[in-house]
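Working notes for the structure below.
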Amino acid sequence: MIEPAYRVPSARIRFSLICVGLGLFIFVVGAKPNWFGWDRSKAVGFIQIAVFLVGLALICAGGFVGLSALWGKQQRSIIADIGLRLIGTGYVIAVFTGMADVFGMGSQALPKIPYFGPWHAGGVLIGQFVIAIGFLMLIPYHYHSNKVQE
């Protein structure tokens, strides 16, 4: 039996999975509260947008902790560092497009009720896509390629 060069810290992975699972639950509660019978209005308001953005933040943080643990004691590659920055950039895109009306950049300036419309949803999806690309870049592919070559 071949011993691995580095053991992945299971506590960090466990924390990561709990954080991502909790974030996914909070994200779904914010995005689709009617799945749980908690929807009180037909419009998507400020609280609902804030809740799913908090869930997205937990997903990003948990994913970063888990994927960073897979790198172990090795230094991350430049691609992985760019991926880390893409995760943060994607989250900023999602926050600013989701909260555009609250920040005064949307079609419903305050004091009107914030409106989460198709442009906002598209911006949040673009942010999530950038986050997903960042996660893919953060994966340590060199471990798998070294095992295949042996």
Q. What is the chain's relative contact order, in percent, from Cα pairs under 8 angstrom and six or more apart in sequence?
A. 27 percent
Q. Over the C-alpha atoms of the range 55-95, what are the Rg and the largest Cα-to-Cα span, Dmax, in Å?
A. 10.8, 32
Q: Compute the distance in nm between two label points, each set 7 Å from the Cα along the Cα-to-Cβ direction, one at F36 and one at I79.
A: 3.8 nm
Q: Mind counting lysine pairs for me in the chain? Cα separation below 30 Å, and the two need to be 8 or more apart along the chain or on different chains.
A: 4
Q) So what's the angle, to the nearest 10 degrees on a 0 to 90 scale, between helix 46-71 and the longest Cα principal axis of the chain? A) 10 degrees
Q) Over the chain, what percent of the accessible surface lies on carbon and sulfur atoms, probe 1.4 Å? A) 71 percent
(Q) Test of understanding: in a Gaussian network model of the chain with alpha carbons linked when under 10 Å, which of G63, G127, G72 would top the mean-square fluctuation ranking? (A) G72
Q: Have a look at the range 34-110 and give its Rg and Dmax from the Cα atoms, expressed in angstrom.
A: 16.7, 50
**Q.** Degrees separating the helix 118-138 axis from the principal Cα axis of the chain, which is the longest one
**A.** 10 degrees
Q: Provide the descending list of Cα extents for the chain along its principal axes, expressed in whole angstroms.
A: 64, 32, 21
Q.
What is the angle, in °, between the Cα long axis of helix 78-98 and the longest principal axis of the Cα atoms in the chain? Nearest 10 is fine, range 0 to 90.
A. 10 degrees
Q. If you add up the charges near I133, with Lys and Arg at +1 and Asp and Glu at -1, over every other residue whose beta carbon is less than 15 angstrom from its beta carbon, what do you get?
A. 0
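The values are calculated or read from the model by the stated rules, or taken from the named source; none is laboratory data. Since the structure is predicted, the reported quantities are computational estimates derived from the model, not experimental observations. Cβ: placed from backbone, ideal geometry, glycine included. Neighbour counts: every protein chain shown. Areas reflect the complete protein model, heavy atoms only, side chains present, ligands, DNA and RNA absent. Shrake-Rupley method; radii C 1.70, N 1.55, O 1.52, S 1.80 Å.
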